[in-house]
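Beneath this line is the structure, given in structure tokens, with notes to follow.
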Amino acid sequence: MGDLSRIRSIVITGGPCSGKTTALHFLRTQLEGRGLRLLFVPEVATELILGGVAPWTCRSYDHFQRSVFEMQLVKERVFCHAAEEMDEGEVILIHDRGLMDNGGYMTEGCLAETLAAYGLTQEGVYERYDAVFHLVSAAKGLEGAYILGNNTARVETPEQAIAVDDRLIAAWERHPHYRIVGNTEDFQEKLDALLSEVLAFLED
């Protein structure tokens with residue numbers, strides 16, 4: 001078994017059309033360029049939807065989110081084990097969404113039932129991740145930049161995107177190291193702000 005103390009775990013989350021995918025590529029380039037060792041845990045929901053397991057093919061939206069939750073647990077376990085087996089030195093796990101992201105899409109009752117089914121609590125989920133960085137949806141203040149065409153798994157209207165963004169904030173906001181990265185007219189400024197937040201955490 002490897003040394004878990006040398007593994008740091010970061011979640012990158014955000015509302016629909018927040019720039020998360022681009023931000024993850026940007027972080028990879030910037031952090032690897034600084035010599036840091038990274039493992040990226042891919043987003044589960046998009047993978048399932050593109051594979052045909054979607055809210056509109058499952059018997060209910062909550063059933064779909066339970067599938068996301070279960071698959072996410074498995075992925076996180078696999079990546080954590082992989083990090084443990086790597087050579088000595090710090091490894092940074094970067095998650096494209098974390099378990100509490102399901103709280104942005106599930107009803108409160110379903111989330112509570114799902115957590116209980118796996119012997120988890122909200123506080124216990126928080127402890128799985130050292131830091132969480134939330135990118136605000138373009139639907140909040142940059143409506144002209146809100147588009148659906150660049151992600152076939154995105155179906156929310158701007159109004160729905162705002163509601164999801166708000167629910168995600170509510171799901172994560174009590175995490176001890178939770179930071180919100182707001183919108184700017186120049187998207188590069190948003191990326192730079194995220195990088196600054198991540199570097200400040202890593203250097204702490």
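The values are calculated or read from the model by the stated rules, or taken from the named source; none is laboratory data. Just so it is clear, the model here is predicted, and its values are computed rather than measured. Note that we place each Cβ from the backbone using ideal geometry, even for glycine, and neighbour counts take in every protein chain shown.
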Among the listed residues V74, V91, which satisfies the condition of being among the aliphatic types (A, V, I, L, M), over 17 Å from K20 (Cβ atoms) and surrounded by fewer than 19 Cβ atoms within 10 Å (Cβ to Cβ)? V74
With the first residue restricted to the stretch 166-184 and required to be outside any loop (DSSP other than H, G, I, E, B), and the second required to be of a type outside the set (S, T, Y) and at pLDDT below 95, Cβ contacts under 6 Å at 6 or more apart or on different chains are R167/G104; L168/G104; A171/G103; A171/G104
Show the residue pairs meeting these rules: Cβ distance below 9 Å; 6+ apart or different chains; first residue within the stretch 130-144 and closer than 11 Å to C17 by Cα and at pLDDT below 90; second residue in a loop (DSSP other than H, G, I, E, B) and basic (K, R). none
Can you spot a residue in the stretch 166-176 that is surrounded by 13 or more Cβ atoms within 10 Å (Cβ to Cβ) and more than 24 Å from L73 (Cβ to Cβ)? yes
Return the residues of the stretch 98-119 that are among the aliphatic types (A, V, I, L, M) and either in contact with a Phe, Trp or Tyr (Cβ under 6 Å, 6 or more places away or on another chain) or buried (at least 16 other Cβ atoms within 10 Å of the Cβ) (or both); say none if nothing qualifies. L99, M100, M106, L111, L115
Residue in the stretch 102-117 that is assigned to a helix (DSSP H, G or I), among the charged types (D, E, K, R), under 18 Å from G15 (Cβ atoms) and modelled with pLDDT under 95 present: no
Please work out if T121 is among the β-branched types (V, I, T), over 15 Å from K20 (Cα atoms) and at pLDDT below 90. no
For the stretch 50-69, which positions are part of a helix (DSSP H, G or I) and without any contact (Cβ under 8 Å) to a residue 12 or more places away in the chain? H63
Return the residue satisfying two criteria in turn: it lies in the stretch 40-57 and is surrounded by 17 or more Cβ atoms within 10 Å (Cβ to Cβ) and closer than 26 Å to E84 by Cα, and of such residues it is modelled with the lowest pLDDT. A45
Selection from the stretch 71-110 of residues that are more than 30 Å from R34 (Cβ to Cβ) and touching a residue at least 12 places away in the same chain (Cβ under 8 Å): M71, L73, N102, G103, G104, Y105, M106, T107, C110
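Yes/no matrix, rows are residues, columns are (1) within 25 Å of R28 (Cβ to Cβ); (2) in contact with a strand residue (DSSP E or B) (Cβ under 6 Å, 6 or more places away or on another chain):
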position	(1), (2)
E143	no, no
P158	no, no
W172	yes, yes
R179	yes, yes
E189	yes, no
